[in-house]
1. Could you state how much accessible area Asp173 has, in square angstrom rounded to the nearest 10, with a 1.4 Å probe and all protein chains kept in place?
2. Can you list the residues, at least 5 places off or on another chain, whose amide H is less than 5 Å from the amide H of Phe145, using H built in the peptide plane?
3. Separation of the range 281-310 and the range 160-213 by C-alpha centroid, Å?
4. Would you check the accessible area of His149, probe 1.4 Å, heavy atoms only, in square angstrom rounded to 10?
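The values are calculated or read from the model by the stated rules, or taken from the named source; none is laboratory data. Remember, predicted model here, so these are calculated numbers, not experimental data. All accessible areas refer to the heavy atoms of the entire protein, side chains included, with ligands and DNA or RNA removed. Shrake-Rupley method; radii C 1.70, N 1.55, O 1.52, S 1.80 Å.
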Amino acid sequence: MTSACIRCGSERSTKVHDGAGAKKDVDVRRCSQCQLAFQDGWTLGFEEELYGYYADQALTREHWHGALNADRHRESFIASPVASRAPVSSMQGAAPGTWWRPLASRAGTPAASTSPLSAIAICQQLGVPCQLLDFFGTEVDGERFDVLHMSELIEHVPAPQRFIQRAAELLADDGLLYLTTPNFRSLSHYALGGAWTTIHREHLSYFDTSTLRSLLASVPELEVESLISRNVAVAPLLRAVRERVTTTLGQVPAPASPASTPAAPLEDAAKTAWEADQALRARLQTSPVLKKAKDLVNRLLDAAGAGDSLVALCRRKRRD
């Protein structure tokens, strides 16, 4: 375990989140040199049990490959110079240094993704053949991808700059790196404080627009085409507001009745949450008024750097 910065190795940092008494008991420090926030006491090892929730997901193919997700990803690349080319690599999950590769994507071209074994098992159950590979291994040295899709990955790995550098090596000329990660300076973090669920043992780094841009700029082979912050989780914010109002007014929530209905199983709760999320997203996508309102909110969040998610799109410069 170490308190050195996970990116630059500096020993100088200040604590910005105290996990004492919190369920997840995670302290977060900010590097005095590169300003990156990182988990205090992070380790190089990969703890499979942290990602056991994959094994508990009794979800269908639609949960992972819904039409709304496909539309969102298509919009991300529609204006890119490689929109009509292949192969495309999708990296999701958190197993440092490993990835799995479906033998063929929907378009019949190679794809790849990082993920623990339990997630691979789910994909196999859904009929997607997988192969475990080393992202830094020689077996992929000759690969050249037109798109690398790092969805919620970089915050999990113990060497974020090394991963970005390797991505640049594997991209074809003019290829795109599409990267998303939680925003440490988000409105949700500000409002929820210690209750912000993104602070967790599985997350080693916590980026904001400035530190993510700095990380990407440190790899000279990449050119940052866009970096925005967007989206906000409404339900947790409303719940936090209600709790604060209740506390301010001195009201105590009524105790649960002994005859209360037992809590739903984890998989039922996950399914319900997913269905509610999809219903909301469908309304936002299909209602012109709501979609314009969402776009306006996202523009405001981006201007303030306060969206829940950071989304970066980088282009691989042409080789000499």
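1. Its accessible surface works out to 50 Å², give or take rounding.
2. Leu171, Ala172
3. Their Cα centres are 20 Å away from one another.
4. 10
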